[in-house]
Amino acid sequence: MKYALITVLLAVSAGAAKAQSPVIIQQDPEIAQMVQEVSADSLQAYVQAMVSYDTRSTLSTQKEVKRGIGAARNWVLSKFNQFATQSGGRLTAYIDTITYMPDGKRVDAPINLGNVMGVLKGTDPNDKRIFLISGHLDSRRTDVMDRTGTAPGANDDASGCAAVIECARVMSRHAFPATVIFVTVSGEEQGLLGAHFLADKARKQHWDIEAMLNNDIVGSNNSNETNIINNTQIRVFSEGLPYKTDSATAAAIRQMGLENDGKARQLARYVKETGERYVANLEVVLIYRNDRFLRGGDHSPFVENGYAAVRFTEMNENFYHQHQDLRTENGIEYGDLVKFMDFEYLRKNAAMNLSNLANLAKAPSMPEEVLVDVAGLGNATTLHWKAPLNGKVKGYYVMMRESSSAVWQKKFFTADTNIKLPYSKDNYFFAVQSVGEAGNESLPVVPKVAGRRSVPVKPAK
């Protein structure tokens, strides 16, 4: 059994925390078993199937049965429906479509835009939380408007879709209190069209999406500048600040020093801790920007709609095999082909996604009304909160890190809904997680200031 390398200190309920022997957070046996079921062979078969449709351009044919984006969508739907037979009725699948009109940019004729959705319904009727994993089904050539030429799209992004499909295969055999949605979106290469459609719909219909994991280019292990193989690291990109921030919120963030504690950044920390707990020989590398430099991905519309969303991408992209027509020039073979992928690496990345989805969906919801007391001066920190709306808890982790630390460094467990720690809020950041009976943790909640609706700071003129 492998354990997470994180220190957990026990704390008495309302008194000052008393550090005892470090407790190692153990793996949930059910999640550990699911991780072991993720198959490199299955992932390779999915990628080869998607590549076999010759092109998956969003602008390509939807009338042929063995070629184009329409045939590829139907194939993904058939896989979800196959997995539904083993789900006890919990998994349902459909293609969510909209007619997208010419936009003067990357769509020059009306298209039937469709996202393939697999919904694994939660078992708790009172738990409205949704956890979503995505990859984009469409592929492209050098000319993004070329709808007929061969565009294999093996790594970009059949790899991400394969991770989504494999998570659906394994997780559909298990029950979770919260709902998990597996989706392969269309239109990413034409301007994140499918993701915008889904994120806008989720916001309008008030979906309670607590986390969105976007997988885009996650199956290769080297760059075009070097032959060095890197199959032990995966990048997670996360936004630090709310996409839309009014002056009062901005002032509160500035005064409390929370520029690094937005929803997506907290999700990224969670992903790193949980993924490394369950997947051997994989480091989740935190990248402090929403996406690669001046680029974008399908998580961005979710960030813009106020959801916690992050992007996974391999450590070093190979641009000979991305957005390229198939050809050989000066001894260099261009094109996004299956032979350039590393399916053991993709297995680890898919397993990292699965461990996070399962841990979140099994955990109670986040604690409510997490507050930090500021009455009077002192070097101790007192926090209090209310129980989560959903799920049974055995207690809570109060998390702590130095202001310069990228990750949470210590956790204190308490069965109460308050704690006093002998650490100054001047020097440390704190957050609180709900912990379920099987040890699964919710996302962390950063405390607000007790007794204040907002921090009374006027924006600088």
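The values are calculated or read from the model by the stated rules, or taken from the named source; none is laboratory data. Please read these numbers as outputs of a predicted model, since none were measured by experiment. Please note: Cβ atoms are built from the backbone with ideal geometry, for glycine as well, and neighbour counts cover all protein chains shown. These accessible areas exclude ligands, DNA and RNA; they are computed on the full protein's heavy atoms, side chains included. Shrake-Rupley method; radii C 1.70, N 1.55, O 1.52, S 1.80 Å.
Some observations on this one:
- FRET efficiency, residue 325 to residue 30 (Cβ-Cβ, R0 51 Å, nearest 0.05): 0.65
- Magnitude of the charge dipole for the range 110-247, about its Cα centre and with charges confined to Cβ atoms of Lys, Arg (+1) and Asp, Glu (-1), is about 420 debye.
- Residue (of 84, 99, 389) at the positive-pole extreme of the chain, dipole from beta-carbon charges: 389
- Inter-probe distance in nm under a simple model that places probes 7 Å from Cα toward Cβ, at residue 332 and residue 280: 3.7
- Helix 40-51 axis, angle to the chain major axis (alpha carbon atoms, nearest 10°): 50
- Fraction of antiparallel bridges per DSSP, the chain only, in percent to nearest 5: 60
- Candidate lysines for bridging to residue 201, where Cα separation is under 17 Å - those fewer than 8 sequence places away on the same chain excluded: 128
- The slack between residue 394 and residue 63, meaning 0.36 nm per residue of separation minus the straight C-alpha distance, is 113.8 nm.
- Estimated vicinal HN-Hα couplings, Hz - the range 172-186 in sequence order (Karplus 6.51, -1.76, 1.60; Gly, Pro = x): 5, 7, 10, 10, 9, x, 9, 8, 10, 10, 9, 9, 10, 8, 10
- Between residue 99 and residue 37, the FRET efficiency estimated from the beta carbon spacing at R0 = 45 angstrom works out to 0.70.
- Cα-based helix-to-principal-axis angle, 69-84 vs the chain, degrees rounded to 10: 50
- What the Cβ-Cβ distance of residue 418 and residue 255 gives, at R0 = 35 Å and to the nearest 0.05, is a FRET efficiency of 0.90.
- Stretch gain in nm, segment residue 201-residue 377, where the contour uses 0.36 nm per residue and the Cα spacing is subtracted: 58.7 nm
- For residue 283, the residues whose modelled amide H falls within less than 5 Å of its own, excluding neighbours fewer than 5 places apart on the same chain, are 233, 234.
- Only Cα pairs under 8 Å and 6+ residues apart enter the sum, and on that basis the relative contact order of the chain stands at 18 percent.
- Taking the protein heavy atoms of the chain in the context of the full set of protein chains, the accessible area attributed to carbon and sulfur is 51 percent at 1.4 Å.
- Label-point separation in nm, residue 45 to residue 246, each point 7 Å along Cα→Cβ: 5.4
- On Cα atoms only, tilt of 343-362 relative to the major axis of the chain in degrees: 40
- Backbone HN-Hα couplings from phi across the range 234-251 [Karplus 6.51/-1.76/1.60, Hz, Gly and Pro as x]: 9, 8, 10, 9, 8, 7, x, 10, x, 5, 10, 10, 7, 5, 5, 5, 4, 5
- For the chain, the solvent-accessible area works out to 42 Å² per residue, with a probe of 1.4 Å and every protein chain left in place.
- Total charge dipole magnitude, the range 180-300, about the Cα centre, Cβ charges on Lys, Arg, Asp, Glu only, Debye to nearest 20: 220
- Segment residue 148..residue 121, full-extension length gain: 5.9 nm, with 0.36 nm per residue of separation and the alpha-carbon distance subtracted.
- A dipole drawn for the chain from +1 and -1 charges on Cβ atoms has a positive end, and of 358, 234, 57 the residue lying farthest that way is 358.
- Point-charge dipole on Cβ atoms (K/R +1, D/E -1) for the chain, about Cα centre, debye to 20: 1280
- Ordering 182, 115, 27 by the projection of their Cα atoms onto the charge dipole of the chain, which places +1 on the Cβ of Lys and Arg and -1 on the Cβ of Asp and Glu, puts 27 at the extreme positive end.
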